[in-house]
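To start, the structure itself, in structure tokens.
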Amino acid sequence: MSDPIRVFASSFNCAKAFPVQDIEAQKSLIEQLIPHISHHDVYILGFQELVSIWEGSFPNVCLQYLRGVSKVVLERINTDESVFKCVDVNCLGGMGIMVFCRNEYELSNVTKGNVRCGAFYSSLKGATATKFTIKRSGVVDTITCLSSHLAANEGLINLEKRIQDYHAIMQSLREQFGDIDSTNFIFIGDLNFRLNKRFGDINYMDPDIISQLLEECDELKDVIKTGRAFENFKEAEILFPPTFKYNVADSKAVPPIDPLTYNFKRQPSWCDRILYSNNEKATTSLYKAIPRTPEFHFTDHQPVILSIELPHIEAVSDFEAEEITDTGEETNELEKLLPTSSVSSLSLSCGRIVDYIMGYSGWLYCKHPRWLLVIITLFSIYWLA
């Protein structure tokens with residue numbers, strides 16, 4: 001009987017304000033995001049809203065930032081006893097995922113995929129995913145993991161859209177990856193499920209209130225219980241306060257804003273979640289929200305982390321080992337060709353066009369606002385002529 005795979009996973013919505021240009025700030029964040037360097041075999045870090053919408057519209061921009069962050073992560077998790085390598089870095093819009101495993105493990109079948117669920121098939125919502133196989137001490141295991149950002153806001157219509165997003169993601173990944181249901185699966189993200197009632201300013205730190213709200217009013221627990229979504233997934237017990245929506249620090253605000261308090265424009269809810277395959281042999285040792293230290297005051301979310309031991313699942317296909325010494329660069333030599341998704345090429349093209357429009361409009365607005373004004377003026381003249 002093989003030892004379980006010890007996995008660390010995190011989910012972090014950065015509110016489009018991650019310090020991508022500040023290495024020291026990144027180191028401080030990663031040190032808190034990965035609070036304890038323990039004996040994990042695999043690290044999976046998921047991000048949402050890592051960059052602004054216009055930057056996320058250009059895949060290479062977000063990917064470049066993520067590769068930089070991956071080097072900071074490797075610096076954090078590498079020790080004299082344990083050395084890790086980067087399995088994969090992938091992104092879609094502002095969503096990103098990075099995966100690391102022990103250097104001595106052999107890798108195979110590293111496959112990446114993306115699913116667009118935003119308006120007009122844009123990258124504003126959806127998932128970015130990675131599937132990979134590791135071989136350790138002759139034992140082969142396959143893990144599928146993703147970082148997702150589902151439809152936002154409260155109300156039944158938006159709840160239904162989140163459920164639709166989930167099923168679209170799972171269907172598309174089955175088409176892109178093949179078998180995922182018999183792999184160990186880690187589902188990370190700002191899933192955006194809310195409490196279905198308004199409660200206002202109550203004591204969200206109280207364990208009894210936390211338990212009652214989750215049991216009676218949490219949308220995600222309800223859809224799992226009724227089998228409407230995430231029917232094959234499980235979540236560790238939540239003992240921490242809602243992770244959204246906190247006030248964001250603003251030094252210019254009068255009166256001053258307390259970033260340790262909630263912004264009641266939205267009902268505080270557990271939007272940020274990490275789920276895993278519903279396997280009775282999987283055991284969790286940690287599921288918590290990172291303390292809201294000053295380094296995290298730029299975002300209205302609070303990251304969550306999970307430490308879990310995943311059981312060995314017999315591999316479906318043969319292992320094709322290939323040694324990797326990469327520490328953060330591309331793994332194109334290992335990527336498999338992806339089958340075509342059922343989403344029509346016209347829809348995907350529409351999504352890319354929407355991304356380009358958002359991207360270049362945002363770029364002009366931020367970098368060359370006068371040219372944007374000129375373009376809008378010329379377009380208005382043409383339209384009214």
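Remarks
- Highest-MSF residue in the chain out of V61, V99, V73 [GNM, Cα springs under 10 Å]: V61
- Looking at segment 1-98 alone, DSSP beta bridges between its own residues are antiparallel in about 50 percent of cases.
- Rounded to the nearest 20, the size of the Cβ-charge dipole of segment 153-258 about its Cα centre is 280 debye, with Lys and Arg at +1 and Asp and Glu at -1.
- Computed lengthening from L156 to K234, 0.36 nm per intervening residue step minus Cα-Cα distance: 25.8 nm
- Rg/Rh for segment 134-187 (Cα atoms only, Rh after Kirkwood) is 1.14.
- The Cβ shell under 9 Å around A15 holds other residues with a net charge of -1, Lys and Arg each +1, Asp and Glu each -1.
- Antiparallel %, DSSP beta bridges [both residues in the chain], to 5: 80 percent
- Over 32 Å between alpha carbons, listed pairs K112/K265; K125/K367; K16/K221; K135/K221; K112/K234: K112/K265; K135/K221
- Multiplying the residue separation of K252 and D201 by 0.36 nm and removing their Cα-Cα distance gives an extension gain of 15.9 nm.
- When you count the other C-beta atoms within 10 angstrom of each residue and take the mean per peptide, 302-312, 255-265 line up highest first as 302-312, 255-265.
- Those residues of segment 4-24 whose amide nitrogen sits under 11 Å from the label point placed on K71, 7 Å along Cα→Cβ: 23
- A protection proxy built from the mean count of other Cβ atoms within 10 Å ranks the segments 248-254, 152-158, most packed first, as 152-158, 248-254.
- Mean residue ellipticity (222 nm) of the chain, computed from DSSP H runs ≥ 4 via -39,500 (n - 2.57), nearest 500: -9500 deg cm²/dmol
- Here's the picture: charge each Lys and Arg Cβ at +1 and each Asp and Glu Cβ at -1 in segment 240-322, and of L306, V254, S285 the one pushed furthest to the positive end of that dipole is V254.
- Start at zero, step by 5 Å, and the Cα-Cα distances of segment 167-252 spread as 2, 10, 19, 21, 15, 12, 9, 6, 4, 1, 0 percent across the bins.
- For the chain, the per residue solvent-accessible surface stands at 47 Å², with DNA, RNA and ligands left out and a 1.4 Å probe.
- Only Lys, Arg (+1) and Asp, Glu (-1) charged, at Cβ; the chain dipole about Cα centre in debye: 1440 debye
- Considering only Cα atoms, the convex hull volume of segment 2-46 works out to 75 Å³ per residue.
- Sulfur and carbon atoms: percent of accessible area, the chain [1.4 Å]: 55 percent
- Working from label points 7 Å from Cα in the Cα-to-Cβ sense, the R352 to A17 distance is 3.4 nm.
- Length, then width, then depth: along the principal axes, the Cα atoms of the chain run 72, 50, 43 Å.
- Taking the average, over residues, of other Cβ atoms within 10 Å as the packing measure, peptides 140-150, 109-119 rank 140-150, 109-119 from highest down.
- Around S277: net Lys/Arg minus Asp/Glu count, Cβ-Cβ under 15 Å: -3
The values are calculated or read from the model by the stated rules, or taken from the named source; none is laboratory data. Small disclaimer: the values here were computed from a predicted structure and weren't measured. Every residue, glycine as well, gets a Cβ built from its backbone with ideal geometry; the counts of neighbours run over all protein chains shown. These accessible areas exclude ligands, DNA and RNA; they are computed on the full protein's heavy atoms, side chains included. Shrake-Rupley method; radii C 1.70, N 1.55, O 1.52, S 1.80 Å.
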